[in-house]
Every structure is written in structure tokens, then in C-alpha cells.
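Peer 1: Dropping the structure in here first, questions after.
The values are calculated or read from the model by the stated rules, or taken from the named source; none is laboratory data. Just so it is clear, the model here is predicted, and its values are computed rather than measured. Every residue, glycine as well, gets a Cβ built from its backbone with ideal geometry; the counts of neighbours run over all protein chains shown. Ligands, DNA and RNA are excluded from the accessible area calculation, which covers all protein heavy atoms including side chains. Shrake-Rupley method; radii C 1.70, N 1.55, O 1.52, S 1.80 Å.
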Amino acid sequence: MNASSTTAPTADHPHDPADPQTSALLRTLLLCDLVDSTGLVERMGDRAAAELIRKHDRLARTIADRHGGREIDKTDGFLMMFERPVQAVAFALDYQRGLKQLNAAEGTSLAARVGIHVGDVVVWDNSDEDVARGAKPTEVEGLVKPITSRLMNLALPNQILLSNIAYVLAHRAQGELGIALEKVRWRTHGRYRFRGIPDPVPVFEVGEDGLAPLKAPPWSSKAHREVPFWRRPATMVIEGLVVLALLAIPLYSLLKPEPAIAFANRDWVVVGSLNNLTGETVFDEALESALKIGLEQSKYVNVLPDLKVRDTVKRMERDPDATKVDRVVGSEVAIRDGAKALILPTVAEVGGRVRITAEVIDPHTQTTVYSESADGVGAESVLPSLDAINGRLRVRLGEALATVSNETLPLEKVATKNLDALRAYSLGTRNHQRGQTREATELYRQALLIDPQFSAVQMRIGAIEAGALRNTEARAAYSAALAHRDRLARREAMYAEGMLATLDGADDTLTKWAALNELYPDYFTAAGAYTYVAWRDANRFDADILKVAEDSASSRNPMPLPAKMVLGILLLGNERFDDANRTFKDAEAAGFTYTYYHAASEAAQRRFGEATATLARAPDLSADVNPAASSVRALMEAAFLADAGNLRAARERIGRARSELPRGHALAGLYDAVLAGFETPAVERSMRIAALRDPLRVAVAERRAANAFEAISLDARVGYLAWLTARAGDADAAERALAESNAHGVPPRFSAAYKMRALASAEVMRARGRAAVAVDELAKSLDGSELYLAHLTLLDLHADLRQWDEAIEQARWLVAHRGRAYAEAGAGNLLLLANVTHANLALLRGAEVADGSGDVQAARAMLEAFRAAWPNAAAEAPLVERVEKIQSALP
């Protein structure tokens, strides 16, 4: 992990729980317990049982050390803490295997149950004095602990049970389980209700055939599985109730209550404009914002975002700035956007008291289904009244009372108790939504002058700074928000942590975004950040992240165009060209102008004329105005030329882009690295080492001076140039560059930079005759997020080992994944040109491998395909030599 300018609490440096700066840590807890330990002592006797338990404990601690576990507590089993769920799963699987071996050696029948859950925990060290009196050295507290305990108690002997979030994160990283993965089985057992836990918990199992039960655990007095009522043991009782219900129907039709709304978990509401009858302008905007802030703390109720409401009002051919969202307008907005209810707030002065009322409206009939009111004396009573109304509304809409009570912060904490500060915040938010960021920033500054600890304001400032790519300022704002974490709703605090992790290049970045998305799947801002980081930084194109992207591109998302762009790119990376093109066209029809990846999708299908025309529709921005857009356009244009076989023209296009940069421009290093890697793409081994020396030296020097955010792209650049240098034959120079770069920090394991440097290390091993070791190392990383070039390195490694079938398989993978070649974005599209070039050269390399293996038919077919793809290959002398060599060898 890259160094950060602030010190956050970690499992190794826990806070005192009484420290007001303490913040919860996202960690994985594992609880294991020996079954029937009392019976064991009775059967074996105290001495023999104690010796067996000591052996068991040594086994568990050895395995925990191997997987990064930290022992927190010890009884008949262990409470352990891990950084990541996959580490806990790896421990649990090894532990169950170890118990089997221990039983075989000792002639015993020990069995253990294991529970695993992920969540926020508070960790602290007890004082030496307390430890001397019998306290544990380290304490861990948090809701995650009792849920872990419930899972463990539910488990059968030899069973490992996981919560939903632990399963999602561990299953996604299951490739890290290594050779044991072949035997690992995952099972889902449905949703269980645990005594003392308000919401049902989805339960999953992981285990191995022959060791684990791999079946649903039974019901007990403390836990039961949610199943349809007709399958429950009390069927006869329910049938009797049904009969009673049928008899009561005539009576119900006479005495039926007011109409209700069929509201379900994660349904949507529209919050209308405040009807202010007091004449006090301080209530304008402020109370409407406060009502939304309160409702948005819920995981059960979704509030349609203001931007989406404005967009829908505009589609109704009304001016959103001049239109009040009243009963009529709000009902139409709700119907158009699929919201189940409209909530209309009113504030009035009644008998010297300030009364707030919230009506819940059925949008289809525009009738009031029910209303909630609260009143108090003076303006200071307004926010407590809103808290009361919010809680009652959420319960009446179907949310569990315990959840509302336990997971909701008062508005005075999560917003501010000062109505002037709240109004400045609300007006700032309105200006921000209109794109008036300068005015919004000034209003936010005024809100902070009134209430310096107003963390929600810092969140808004962070969003403005991040949107303007002012990463240092964004980091400062999000840090300031978390400095008063108790003033943030849980969702907002998790978002701030995700942004800080992204800006710092932290190892747990994706874990934080995944957890936030799991808890708040309809929080489009977070879903968009999650999918963007997963694509850009982690090179993920899997079904899980594709599903999040599809959900994020929902019509309810107030900013769907960036979400559609990422969705289109992920579809492109999966070679779903028709779906990708349709998604890009939908985005462009709605006003999205950055057509780069739409053009790439057409080029991946070799429709180069269409691709060039589509790319021409994108804004032509200079490197000074928008460096990212400028470089993507130049690299895409060069990639289209290279993909069509016009290698010289592609090199000239990058050279021209490089020459147009002002001296010292940040893009210079990127273009230099691309040109160095593209100098002689036909035969990398003959590339002049001298051409790589300067770009590699400069990249290492820039990495040495980089901040955390810049370091990720520079790590990838060093890795790429080291990869090229090793392929060119200078393994020593490549290894030195990697070692020097590592000395300044290792990139996060999920990142493209980390994967690129792993490829460079594999090429170093290959150059030193250790191809078999390199193959084994790379094979462990093939989880679908590996870099496109990993398959090129594997192709050459297998060819070196004369593993012809495996080499040809890699060549065919490269040829078949042209969409992935274009869709990868690691380190500012650094690898784009190399990817696209090798998507074609893989045909020639495959023909060479097939020829070497004696597969004449495959060699001829791949050679003909290469000639068809690159009819202009005669312009590159090294390519001509390779083609002629294969041709002369064919009968």
C-alpha cells in the first residue's frame, strides 16, 4: 500500500475506544469452536484432553499465521480477525483439513464449526495493568461480532458458514485459494433469522467434498430459515388461520381502513417541495433537505435524487427552476420514474407551536394515504420533529422498527442543528446540481463558517474537487468529513472512506466499494465509483461487476451517462459488441459526446471506417484543456491504424501527439513509453535496449517523487517498460528498475500496475531460463482480471517449454478477445497500442508455434488469417522475414 499523509487506525495500531477520533475498521471476523469439548474431556480424561487441545491450538495458530489472521480471543476455539474474507476462508479450509489430519494421527474425532462475517469493528489494546489482571491484550467490538457468533452456532460439525458480504468478497477472490480451489465447493442455504438480529442474514457455505456437510443447517430455537409459510411445520395452524380469515372477509369489507401503498424493500419515494406556511425563509430548502437526509439513512426506502426529479420535470416540458413539486407534479414524476409514493412536507405555526406534517400520497390517485405530524416550540424544535416524522414514516412504509432505531442518527448530528447552516448547504447543493460549482463552493464555505464540523458540507466539497481532478483538495475535504465521523450517516462515511482509499491507492479500495454497494445497492453515486474503479484500476470485466454496472445505468440514476459509458466498456471487454454499441448509442442520443469507446467497439470488429467517423464526433480537446481526453483520442487513432496494419502511420501519430506537448507536460512520459514499446512491434526480442533505457530511467525517477495517486500510473509505466526491457534481453536492467520502484511502495494487489509488474517479473524469469516457474506464478493470477498481455507472456513461456498446445491456446485467446484489447484502461491506456498490435501478431505467433509443433493445417490457417488482417505487413521487414520463414516450411 502506498504511504498516506495521515495515520489511520489499523489492526496493528488500534485506537482506544474512548478516543473521540476512533473510527470503525472494515474487517473480517472468524469464530471457530470445537464441538462437544466437554464430552471430549469426559471420554479422554483431563491430562490427555489437555494435550490434545494444545496440539489443536498449535495447529490453529500456525494456520492463522500462514493466512494473516490475528488471534483476538480463545476459549474452546478461537476468535480471529483478518484483513480480507478470502484469507478467513483459506484459514477455515486449511483448519478443517488440519483437524482431519490431527484426528488420523491421534485416533480422535475432533470436529469444529466456523462462522465468518465482514463489517465495521472497533479495535483497541488493553493497558498492561488490565492485562495483568486477566484482560485480553486486544478487544474487538461491533455488530459483526454477534452475527459471526450466530453463524458459528448455526453451523453443523465440520461446517464453514459465511454471511452474504463475506461470501461475495471471498468468492470473487477464490483464485487466491491456489491448488485447493479444485476441491472447494460453495453453497447457498437461504436467509436465516437469528434471535436478536433485526434483519434476516443470507447464509452461505464453503467447504470441500468429503470434509464439509455441504447441506443447509437445521432450525433451532435461536435461528430459523425463511421459507414459504406452506412449508413450515406449523402448516395446520396456518390453515386454521386461513379459515378464520375467510370468515372475516365480509366484516373487513365493512370496516376496511384507509388505502395503503404496497411498499417493498428498496422501493422509491419522491419528496415534494416544502409548503412553508410560516413566512420564515430560514425554513425554505433547509427542511426539505433535512427530510431527504433523514430518509436517505434508510437501506429500506430509496429517495429519488433531486437531479432525477429535475430531469423528469424538464421532460414534462416544465421549467424545473420555476416548478414546485406539488401533489399533481410530484405524482406525475413518481409515475414516470416508477416511485411508489410521494411525500409532501408542510411547516406551519399552530397555536404558537411549529408543526411539521408529512403526507404520503398515492401517485396514481393523488390521495393522501396517511400523514405524520410533530410539533414543538420555536425553530430549535424543527429538526427533532423531523426526526420523529422520519422514523414513523419509515416504519409505516414497512421498515423494521429496530432497524430505524439502531441505524439512524439524529438530524442535528448527521446534518447540523443550525438552520442557517442547513439552508446554506441546501442552496449550495441546488447550485451544484445546476453546474454552478463556484457559487456552490461559496455557499458551502458559508455553511462551514456557521458550523465548522458540518461533515456533509465537506462531502459536497470533496465531490466538486474530485470532479475537477483536484485530488489533493478532494482528499483534504473527505478527510475533514471523516474527522467528525459522528456527524455523517453510515452511507456517507463509507463513501468518504471509499474515496480516500481510491485517492490513496489503498489495498482495500475495492473491498470498501463492494461493501458499500452491498449495503446500499441503489446508491448510484457509489455504484458508479465502484464500477469505474473496478474497470479502470482493477481490470475487472466479470459478471458481478457487469451486474453492478447494469444496475447503475438505471433510468432512476440522475447521472446515467457516465454509468452507461462504463457499462458499454465492460460489454466491449466481454466481446458483446451489439450490446456495447447499443449502450453507447443510447448514451450519445442523450447527449454523451465522448465517443472513444464506441469507436473502439467498431474497430474491434474491424469496421475501421465507421470507427474513424465515430471517433471524429468526439470533442477535440488539447492536452492543456483535458489531458485524459486528449491522450485517449491520440492513442485510439494510433490503435486503429496499427490494428489495420499501418504500423508506421500509428507510430507517426503518437510521435506527433508527443511533439505537440509543451515542455515538461505530464503526458510526455506516457507517450515516450508507448513509443518505446512500439519501436519494433514485430520482434520484441530484437528491440534496441538503448531505446528503452531512457524512458525506463525517467519513469523510475518520476515514481520516486510521486504522490500516492500519481504512483499507481507510474508503477504501471515502470512495470511495462521493465517488461519490454526483459523481453528485449536485458533482464538485469528490468529487475533493477522493479526493485528500485518497489523500494518506494508496492501498488495495490488488485491494480493493473501490480499485475503489470508481475508480468515483468515473469519475463525476467523467462530470460533467465526459468520459464516453468514463471508459468506456475502467472497461472495463479488468471482470474479474469489479468492483463491482456499476460496471455502473450504465457504464449511465449509455453513455446519456450515446447508446450505447443498450451501456446496455441494462448494465441487463440489473444485473437478471440479483441474487445478486451481495446477495453483495458490501466495507467491511462498505456497498454492500448501493445494490446491491439498483439491481437494481430498473435496470428503470426500462433502460426510459428503451430509450425514448430508440426500442425501444418493450423499453421497455414493462422498465417492466412494474419495476411488477411494485415495486408500491408510487407512494409515491416521483420514481419516479412517471419512470414517467409513459415511459408517456406509449409508443404
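Peer 1: Only one of ALA629, ALA657, ALA649, ALA618 is within 17 Å of PHE592 (Cβ to Cβ), at pLDDT below 95 and outside any loop (DSSP other than H, G, I, E, B). Can you tell me which?
Peer 2: So the residue among ALA629, ALA657, ALA649, ALA618 that is within 17 Å of PHE592 (Cβ to Cβ), at pLDDT below 95 and outside any loop (DSSP other than H, G, I, E, B) is ALA629.
Peer 1: Name the residue, out of VAL168, VAL131, VAL140, that is touching a strand residue (DSSP E or B) at 6+ places or on another chain (Cβ under 6 Å) and either farther than 30 Å from PHE541 by Cα or among the hydrophobic types (A, V, I, L, M, F, W, C) (or both).
Peer 2: Residue meeting the stated conditions: VAL140.
Peer 1: Can you find a residue that is open to solvent by 20 Å² or more (accessible area, probe 1.4 Å), of a type in the set (Asp, Glu) and assigned to a helix (DSSP H, G or I) anywhere in segment 547-564?
Peer 2: yes
Peer 1: Which one is farthest from ASN539 (Cα to Cα) among residues in segment 567-604 that are touching a residue at least 60 places away in the same chain (Cβ under 8 Å) and among the polar types (S, T, N, Q)?
Peer 2: Among those residues, the one meeting the criterion is SER601.
Peer 1: I'd like to verify a number: residues in segment 809-859 that are in contact with a Phe, Trp or Tyr (Cβ under 8 Å, 6 or more places away or on another chain), under 24 Å from ALA649 (Cα atoms) and among the β-branched types (Val, Ile, Thr), how many?
Peer 2: The qualifying residues number 2.
Peer 1: Checking the structure you have, find out if any residue of segment 51-73 is surrounded by fewer than 19 Cβ atoms within 10 Å (Cβ to Cβ), closer than 15 Å to SER149 by Cα and not hydrophobic (A, V, I, L, M, F, W, C).
Peer 2: yes
Peer 1: Out of all the residues in segment 725-734, is one or more without any contact (Cβ under 8 Å) to a residue 40 or more places away in the chain, open to solvent by less than 40 Å² (accessible area, probe 1.4 Å) and within 29 Å of the chain's Cα centre (by Cα)?
Peer 2: So far as segment 725-734 goes, no, none of its residues is without any contact (Cβ under 8 Å) to a residue 40 or more places away in the chain, open to solvent by less than 40 Å² (accessible area, probe 1.4 Å) and within 29 Å of the chain's Cα centre (by Cα).
Peer 1: Please work out if GLY435 is in contact (Cβ under 8 Å) with a residue 12 or more places away in the chain, part of a loop (DSSP other than H, G, I, E, B), open to solvent by 40 Å² or more (accessible area, probe 1.4 Å) and small (Gly, Ala, Ser).
Peer 2: Considered against the rule, which asks whether it is in contact (Cβ under 8 Å) with a residue 12 or more places away in the chain, part of a loop (DSSP other than H, G, I, E, B), open to solvent by 40 Å² or more (accessible area, probe 1.4 Å) and small (Gly, Ala, Ser), GLY435 comes out as no.
Peer 1: Take segment 499-538 and flag every residue that is polar (S, T, N, Q) and surrounded by 22 or more Cβ atoms within 10 Å (Cβ to Cβ).
Peer 2: Answer for segment 499-538, where residues must be polar (S, T, N, Q) and surrounded by 22 or more Cβ atoms within 10 Å (Cβ to Cβ): THR502, THR509, THR511, ASN517, THR531.
Peer 1: Which condition number in (1) modelled with pLDDT of 85 or more; (2) under 30 Å from PRO198 (Cα atoms); (3) open to solvent by less than 40 Å² (accessible area, probe 1.4 Å); (4) in a helix (DSSP H, G or I) is the one that GLU372 fails?
Peer 2: In the conditions (1) modelled with pLDDT of 85 or more; (2) under 30 Å from PRO198 (Cα atoms); (3) open to solvent by less than 40 Å² (accessible area, probe 1.4 Å); (4) in a helix (DSSP H, G or I), GLU372 misses (4) alone.
Peer 1: Follow-up. Among the strands (runs of 3 or more DSSP E) lying completely within segment 38-136, list those that include at least 3 residues that are within 23 Å of GLY207 (Cβ to Cβ).
Peer 2: 78-82, 112-125
Peer 1: Given the options GLU141, GLU106, GLU129, name the one that is in contact with a Leu (Cβ under 9 Å, 6 or more places away or on another chain), open to solvent by 70 Å² or more (accessible area, probe 1.4 Å) and charged (D, E, K, R).
Peer 2: Checking each option against the conditions leaves just GLU106.
Peer 1: List the pairs whose first member sits in segment 518-531 and is more than 9 Å from TYR495 (Cβ to Cβ), whose second member is of a type in the set (Asp, Glu), and whose Cβ atoms are under 7 Å apart, counting only residues at least 6 apart or on separate chains?
Peer 2: Sorted first by the residue in segment 518-531, then by its partner, the pairs are PRO521/ASP551; ALA527/ASP551.
Peer 1: If you take the residues of segment 607-625 that are over 26 Å from ARG540 (Cβ atoms) and either touching a residue at least 24 places away in the same chain (Cβ under 8 Å) or in contact with an Asp or Glu (Cβ under 8 Å, 6 or more places away or on another chain) (or both), which of them is least open to solvent (accessible area, probe 1.4 Å)?
Peer 2: That would be ALA623.
Peer 1: Can you confirm whether ALA589 is among the hydrophobic types (A, V, I, L, M, F, W, C), open to solvent by 40 Å² or more (accessible area, probe 1.4 Å) and modelled with pLDDT under 95?
Peer 2: The answer is yes for ALA589.
Peer 1: Let me ask something else about it. Of the residues THR429, THR416, which is open to solvent by less than 70 Å² (accessible area, probe 1.4 Å), out of contact with any Pro (no Cβ under 8 Å at 6 or more places or on another chain), among the β-branched types (Val, Ile, Thr) and assigned to a helix (DSSP H, G or I)?
Peer 2: THR429
Peer 1: In this structure, does SER381 turn out to be in a strand (DSSP E or B), surrounded by fewer than 20 Cβ atoms within 10 Å (Cβ to Cβ) and of a type outside the set (Val, Ile, Thr)?
Peer 2: Spelling it out, it is not the case that SER381 is in a strand (DSSP E or B), surrounded by fewer than 20 Cβ atoms within 10 Å (Cβ to Cβ) and of a type outside the set (Val, Ile, Thr).
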